[in-house]
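The values are calculated or read from the model by the stated rules, or taken from the named source; none is laboratory data. As the structure is a computational prediction, the values presented were derived from the model and not from experiment. Glycine also receives a Cβ, built like all others from the backbone with ideal geometry; neighbour counts cover every protein chain displayed. Each accessible area value is taken on the protein alone, full model and side chains, heavy atoms only, with ligands, DNA and RNA left out. Shrake-Rupley method; radii C 1.70, N 1.55, O 1.52, S 1.80 Å.
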Amino acid sequence: MKRKSEQEIMAASRPEDIFTMDLEVIAEEKEAYLEAFKPKEYRKVKDYVITKKVLLLYSQAIAKMEGSSTSEECRIVNIKSIKGEDYKIHYMNHSSFRLGEMYLTKEYVIYIVKGEYKKYYENYIEKTKHYSKPDKRIWNMVQYMVPNVVKNFECEDGSFAIFIKKPCEMYSLREILEYFDGKLRPEYVASILTRLYYFTCYIGLVEMNHNALMVDNLFFAPGREVEEGESYTVQDMRIVGVFGGWFFTTYLEEKMQGVPKEVYAVMPEECKKRGYSSFEVDELAIKSLAKELLGAEMKDVPEPFLNWVNSNKIARDAYEEFCNWKKVIKSSFGAHRFVHMDVSI
């Protein structure tokens with residue numbers, strides 16, 4: 001029976017790389033892998049990533065041996081452009097949202113927008129076709145957080161497609177939250193928030209408001225701790241991808257076309273009345289999604305962190321809000337350190 005290491009599993013490209021292609025033993029091998037990488041408290045997301053890979057390769061192995069389709073192989077959607085180009089999409093995760101559908105593949109996040117929402121599709125493309133870089137240091141932090149749209153087109157059925165290239169292997173944050181029964185450890189949530197505050201600093205510099213920061217619009221790469229002297233690439237980075245929601249993004253003094261109901265619920269009354277967004281909208285949305293990630297009971301959350309997410313008080317600008325957040329981090333968790341759940345705060 002095969003027993004491959006964590007590194008060998010993650011490097012595997014074929015089912016036979018980690019499984020014995022024999023129906024009599026493969027099920028036992030799968031269970032052994034799942035037991036070995038059962039999510040442990042100190043490294044939940046890393047184990048989640050490994051088990052997802054094991055189950056994917058297992059389904060491919062069964063299909064090969066039985067000559068049948070698997071649930072993974074049945075996850076296919078066909079997209080045809082008005083120019084006659086055909087795209088056969090094998091997806092790992094799918095969800096519906098107000099404007100259409102989202103498909104997560106190995107390399108892309110794909111949005112299919114219903115034809116009646118063309119103006120939102122056009123807004124997404126307009127806001128993501130070029131990124132200003134007013135501050136090199138901040139851009140270096142957020143360059144993998146913003147959508148890299150590599151293809152967009154009108155479909156034969158009147159809908160619109162957007163292909164966003166992922167910088168590395170990433171997962172839907174909603175999927176991760178559901179896997180962990182609707183709550184993440186405070187250290188994890190803090191790490192995600194830190195990256196979102198980098199993001200709001202950036203869009204503040206380029207005079208934009210995202211207007212749709214919520215769990216369903218975020219994607220996550222857990223990354224790994226790199227040893228001293230070891231080479232470091234984007235594959236090793238912890239990234240929060242803000243790939244969804246740009247349908248609602250506005251420039252300063254640009255009237256909003258709409259926002260998701262979750263964001264509208266926390267939006268300042270002045271913005272609702274005027275129909276224009278402000279940086280406070282994104283800052284309040286971050287606190288709202290933090291509470292969702294922490295879970296309904298919000299157990300074991302350090303008091304400074306709990307007070308922060310429950311407060312509607314916002315600083316004068318995005319940078320000052322980030323500086324205040326750094327103080328909360330230190331009060332809640334102490335000095336900057338690596339948390340052995342594959343997340344550094």
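Of the set (1) on the phi > 0 side of the Ramachandran plot; (2) modelled with pLDDT under 95, all apply to Met141 but (1).
Per the conditions (1) touching a Phe, Trp or Tyr at 6+ places or on another chain (Cβ under 6 Å); (2) surrounded by fewer than 17 Cβ atoms within 10 Å (Cβ to Cβ), the sole criterion not satisfied by Glu156 is (1).
Within region 263-283, which residues are within 24 Å of the chain's Cα centre (by Cα) and open to solvent by less than 20 Å² (accessible area, probe 1.4 Å)? Even if it seems obvious, please write down each step before you answer.
If we filter region 263-283 for residues that are within 24 Å of the chain's Cα centre (by Cα), which is where we start, we get 263-267, 277-283.
Answer for region 263-283, where residues must be within 24 Å of the chain's Cα centre (by Cα) and open to solvent by less than 20 Å² (accessible area, probe 1.4 Å): Val263, Met267, Ser277, Val281, Asp282, Glu283.
Residue-by-condition table, conditions (1) of a type outside the set (Ser, Thr, Tyr); (2) at pLDDT 80 or above; (3) touching a His at 6+ places or on another chain (Cβ under 8 Å):
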residue: Ala32; (1), (2), (3): yes, yes, no
residue: Lys40; (1), (2), (3): yes, no, no
residue: Lys44; (1), (2), (3): yes, no, no
residue: Ser81; (1), (2), (3): no, yes, no
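When region 23-38 is limited to residues that are more than 21 Å from Glu169 (Cα to Cα) and either touching a helix residue (DSSP H, G or I) at 6+ places or on another chain (Cβ under 8 Å) or hydrophobic (A, V, I, L, M, F, W, C) (or both), the one that is least open to solvent (accessible area, probe 1.4 Å) turns out to be Ile26.
Could you tell me whether Phe247 is within 29 Å of Tyr179 (Cα to Cα), in contact with a strand residue (DSSP E or B) (Cβ under 9 Å, 6 or more places away or on another chain) and open to solvent by 20 Å² or more (accessible area, probe 1.4 Å)? So Phe247 fails the test. Asn140 satisfies every condition listed in (1) open to solvent by less than 80 Å² (accessible area, probe 1.4 Å); (2) touching a residue at least 12 places away in the same chain (Cβ under 8 Å) except (2).
The condition (being out of contact with any strand residue (DSSP E or B) (no Cβ under 6 Å at 6 or more places or on another chain), hydroxyl-bearing (Ser, Thr, Tyr) and open to solvent by less than 40 Å² (accessible area, probe 1.4 Å)) is satisfied by just one residue among Tyr120, Tyr171: Tyr120.
Can you confirm whether Lys287 is closer than 15 Å to Tyr198 by Cα, among the basic types (Lys, Arg), part of a helix (DSSP H, G or I) and modelled with pLDDT of 95 or more? Yes; evaluated as a whole, the condition is true for this residue. Scanning region 174-206 for residues that are of a type in the set (D, E, K, R) and farther than 30 Å from Ser81 by Cβ, we see that the one that is most open to solvent (accessible area, probe 1.4 Å) is Asp181.
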